[in-house]
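Here is the structure we will look at, set down as structure tokens.
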Amino acid sequence: QVQLVESGGGLVQAGGSLRLSCAASGGSVSDYAMGWFRQAPGKERELVAAISRSGGTTHHTDSVKGRFSISRVNAKNTLYLQMSSLKPEDTAIYYCAATRTVSSILIQREYDYWGQGTQVTVSS
């Protein structure tokens, strides 16, 4: 069973950048597709970006395309989310998650393992 720990969140001004990291232990991340999700106050948790096991395929939700980039380094058992041109509406708790599925990496309920989340706050 894999354990996931996020880091890198914080307070940033609009237009700024942050890089989130997700460190995995208890298993090899190369066995899992992975994703970043976020949950803003009063809203449902949503998919931000997902990446295949090898990293060869990525998906970014429309609201972050061109601003966020998901990547992974399997040799380091680490997932990343580079966030640029941040907006106040990006404020949320960001979670990383892992799934064994190959074909359904965009479906939240397919994710089996979750981190505890890291807060990202973007001030205007």
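Structure above, values below:
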{"quantity": "Hz values of 3J(HN,Hα) by residue in the range 18-31 - Karplus curve (6.51, -1.76, 1.60), Gly and Pro given as x", "calculated": "9, 10, 8, 10, 9, 9, 10, 9, x, x, 9, 5, 5, 7"}
{"quantity": "Reachable lysines, given that their alpha-carbon falls under 19 Å from the alpha-carbon of K76 and they are not under 8 places away in the same chain", "calculated": "none"}
{"quantity": "Förster radius 22 Å - calculated FRET efficiency between T101 and Q3, Cβ distance, rounded to 0.05", "calculated": "0.70"}
{"quantity": "Share of carbon and sulfur in the accessible heavy-atom surface of the chain [1.4 Å probe, %]", "calculated": "46"}
{"quantity": "Derived scalar couplings ³J(HN,Hα) [the range 108-118; Karplus, 6.51 cos²θ - 1.76 cosθ + 1.60; whole Hz; x for Gly, Pro]", "calculated": "4, 5, 7, 7, 9, 10, 9, x, 8, x, 9"}
{"quantity": "Residue-normalised accessible area of the chain, given per residue in Å² at a 1.4 Å probe", "calculated": "49"}
{"quantity": "Cross-link partners of K65 among lysines (Cα-Cα below 23 Å; sequence separation of 8 or more within a chain)", "calculated": "K43, K87"}
{"quantity": "Environment charge of T101, counting only residues whose C-beta is closer than 11 Å and scoring Lys/Arg +1, Asp/Glu -1", "calculated": "+1"}
{"quantity": "Global form of the chain, assessed from the alpha-carbon gyration tensor, a/c cut-off 1.5", "calculated": "prolate"}
{"quantity": "At 0.692 mPa s and 37 °C, Stokes diffusion of the range 1-71 via Kirkwood alpha-carbon radius, µm² per second", "calculated": "241"}
{"quantity": "Rounded to whole Hz, the Karplus (6.51, -1.76, 1.60) HN-Hα couplings of the range 84-91, x for glycine and proline", "calculated": "10, 6, 5, 10, x, 6, 7, 4"}
{"quantity": "Segment K43-R19, length gained on full extension (0.36 nm per residue, minus Cα span)", "calculated": "6.3 nm"}
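The values are calculated or read from the model by the stated rules, or taken from the named source; none is laboratory data. What you are looking at is a predicted structure, and each value in this text was computed from that prediction instead of being measured. Cβ atoms come from the backbone with ideal geometry, glycine included; neighbour counts cover every protein chain shown. For the accessible areas, the whole protein counts, side chains as well, though only heavy atoms, and no ligand, DNA or RNA atoms are used. Shrake-Rupley method; radii C 1.70, N 1.55, O 1.52, S 1.80 Å.
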